[in-house]
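Heads up: the structure comes next, in structure tokens.
None of the figures in this text is laboratory data; all of them are computed from the coordinates on show. Just so we're clear, the structure is a prediction, and the values are computed from it rather than from any experiment. Ideal geometry is used to build each Cβ from the backbone, glycine not excepted, and the neighbour counts take in all protein chains shown.
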Amino acid sequence: MAQKAVKSLIDLVGNTPLVEISGYESKNHLKANIYGKLEFFNPTGSVKDRIVKEMILDAEERGLIKPGDTILDNTSGNTGIALAAYGKARGYNVAIAIEPGVSIERSQILRAHGAELYDFTEIPGAIEAMTKPDATFQSLLDPMAAFGKEKGYFYINQCDNEANIKAHYEHTAPEIWDQLDGKVDIFVAMSGTGGTITGVGRYLKEKNPDAKVVLVQPDADSLPAPGKTDPKIDGIMLVDGIPEGLAPLFYKKHGFNYDEVITISAKDAYDTAKEVAATDGLLIGESSAGALTAAKKLAERPENAGKNIVVMVADGGLKYLSTSLFR
Ligand SMILES: Cc1ncc(COP(=O)(O)O)c(C=O)c1O
């Protein structure tokens, strides 16, 4: 039965499908079941629709923003696109500082939504913050906060906004849990702000302390950086094996511990993306392909035979057609 009419696009966020990636399982003779949480079904095409909805509604409820105000954030694109779409529709202006290495499609979509665009490296103090030897995750965000203050913009700050985790704890995770009738053994995702892993991870572990949360990281050559060419994985930060102060803030703040870290290369992720396009008709983005690459490694372990592995498909492949992902 068709879904009843809704009042606005923001009402369509979430309730994304969970699909078994069965062609890929068969081709690779995997004995575990791999499911993709297809976040590109959200109206602006990524998992970030969820956090943007939650952050805007939260800021409105707390009286922090009113129509006519400008909302500011730094993003690798997806959060910006969702902010531009829903923010504009609710009467706000939206200013976005784009992080280095973002695909052309994302900045084009942001322009189409009429967002005010800045290069992150143009924000006063950003380069100094990125290059100083004692940089911390927090010190990378400080120039944004100062810029917002100077301009009179509301810095919504996805990296330190509790509504980010709440969106995943209250929606993404319960959806996955229900979609598999509580039979979730392993959750696999890459991390940017860490909102997905900490929010989904906390919920799953409360429901089933034996559920495993696997953090997938790119190797050092696969991280985006100013001037870095493909292959690389956009929107992703390192969490494990780096000085504590450089890790995304949510992990320490919430004392969240993942169970395992799997490191993958962007090259392997790109190969996975091509493979799953052929086996299942799924065009997935870079971080999703990285997570699926790690999920395959998990599915190959004899102890995981018969288990359900859920992979976060944070966005689809269409925003990466200009990159070498599918070439
Ligand atoms: C494509 C993509 N995948 C994964 C992530 C990571 O999600 P999170 O910020 O919840 O850690 C992001 C953003 O940060 C992203 O844009």
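Please arrange 249, 38, 57 by how many other C-beta atoms lie within 10 Å of their C-beta, fewest to most.
On the way: 249 18, 38 21, 57 15.
In increasing order of surrounding Cβ atoms, one gets 57, 249, 38.
Determine the calculated [θ] at 222 nm for the chain from helices alone, applying -39500 (n - 2.57) to every DSSP H run no shorter than 4 residues and normalising by the residue count; nearest 500 deg cm²/dmol.
Details: 12 runs with 115 residues, N = 327.
It comes out at -10000 deg cm²/dmol, rounded to the nearest 500.
Can you classify the stretch 217-327 as rounded, prolate or oblate using the Cα gyration tensor, where a ≥ b ≥ c are the square roots of its eigenvalues, rounded means a/c under 1.5, and otherwise it's prolate if a/b beats b/c and oblate if not? Don't skip to the answer; put the middle values down first.
Working: a/c = 1.99, a/b = 1.12, b/c = 1.78.
Note, shape of the stretch 217-327 comes out oblate.
Rg/Rh for the stretch 121-278 to two decimals, with Rh computed the Kirkwood way over all alpha-carbon pairs. Kindly include the intermediate steps, with their values, before the conclusion.
Details: Rg = 17.2 Å, Rh = 17.3 Å.
With Rg and the Kirkwood Rh in hand, the quotient comes to 1.00.
Would you mind computing Rg(Cα) / (2.2 N^0.38 Å) for the chain, counting N as its residues? Kindly include the intermediate steps, with their values, before the conclusion.
Details: Rg = 18.8 Å, N = 327, 2.2 N^0.38 = 19.9 Å.
Dividing the Cα radius of gyration by 2.2 N^0.38 Å gives 0.95.
Can you give the FRET efficiency to the nearest 0.05 for residue 64 and residue 29, using r as the Cβ-Cβ distance and R₀ = 56 Å?
The pair residue 64/residue 29 has a calculated efficiency of 0.60.
Would you be so kind as to identify which of 115, 44, 34 lies farthest towards the positive end of the dipole of the chain, taking Lys and Arg as +1 and Asp and Glu as -1 on Cβ and the Cα centre as origin?
44
Determine the shape class of the stretch 27-91: with a ≥ b ≥ c the square roots of the Cα gyration tensor eigenvalues, call it rounded for a/c under 1.5, and otherwise prolate if a/b is greater than b/c, oblate otherwise.
Working: a/c = 3.59, a/b = 2.85, b/c = 1.26.
It comes out prolate by the Cα gyration axes.
Distances over 13 Å make up what percent of all Cα-Cα pairs in the stretch 264-327?
Details: 1210 of 2016 pairs.
Beyond 13 Å sits 60 percent of the P(r) for the stretch 264-327.
Let me have the relative contact order for the stretch 144-203, percent, based on Cα pairs under 8 Å that are six or more residues apart. Provide the component values of the computation, followed by the final result.
Numbers: 39 pairs, mean separation 23.4, N = 60.
Over the stretch 144-203, the number comes to 39 percent.
Which order results if 256, 40 are arranged by neighbouring Cβ count within 10 Å, fewest first? Could the numbers behind the result be given before it?
Numbers: 256 17, 40 23.
Fewest-to-most Cβ neighbours within 10 Å comes out as 256, 40.
Round to a whole angstrom and tell me the spacing of the C-alpha centers of the stretch 286-327 and the stretch 151-184.
The distance from the Cα centre of the stretch 286-327 to that of the stretch 151-184 comes to 20 Å.
Mind listing the long-range amide H neighbours of residue 187? Cut-off is under 5 Å, sequence gap 5 or more, other chains count too, H placed in the peptide plane at 1.01 Å from N.
212, 213, 214, 310
Taking every pair of Cα atoms in the stretch 86-138, average 1/r, invert it to obtain the Kirkwood radius, and report Rg/Rh to two decimals.
Details: Rg = 13.6 Å, Rh = 12.7 Å.
Rounded to two decimals, Rg over Rh is 1.07.
Once you've got the Cα coordinates, tell me which of 31/274; 7/48; 4/166; 66/132; 4/253 are over 31 Å apart.
Flagged as over cut-off: 66/132; 4/253.
Pop out the ³J(HN,Hα) list for the stretch 213-230 in order, Karplus 6.51 cos²θ - 1.76 cosθ + 1.60 with θ = phi - 60°, rounded to Hz; leave Gly and Pro as x.
With coefficients 6.51, -1.76 and 1.60, one gets 10, 10, 8, 10, 10, x, 6, 4, 7, 9, 7, x, 7, x, x, 6, 9, 5 Hz.
Which percent, nearest 5, of DSSP beta bridges in the chain are antiparallel? Intermediate results must be reported in sequence, preceding the final value.
Values: 5 of 36 bridges.
Expressed as a percentage, antiparallel bridges in the chain total about 15.
Search the structure for amide H atoms under 5 Å from the amide H of residue 116, placed 1.01 Å from N in the peptide plane, and list their residues when 5 or more places away or on another chain.
Answer set, sorted by chain and number: 94, 95, 96.
If you keep only loop residues by DSSP, which trypsin sites (Lys or Arg not before Pro) in the stretch 98-178 have at most 14 other Cβ atoms within 10 Å of their Cβ?
Working: sites: 106, 111, 149, 151, 166; in loops: none.
Those that pass, being in a loop and sparsely packed, number zero.
Across the Cα atoms of the stretch 48-160, what radius of gyration and what greatest pairwise Cα-Cα distance (Dmax) are found, in Å?
13.5, 41
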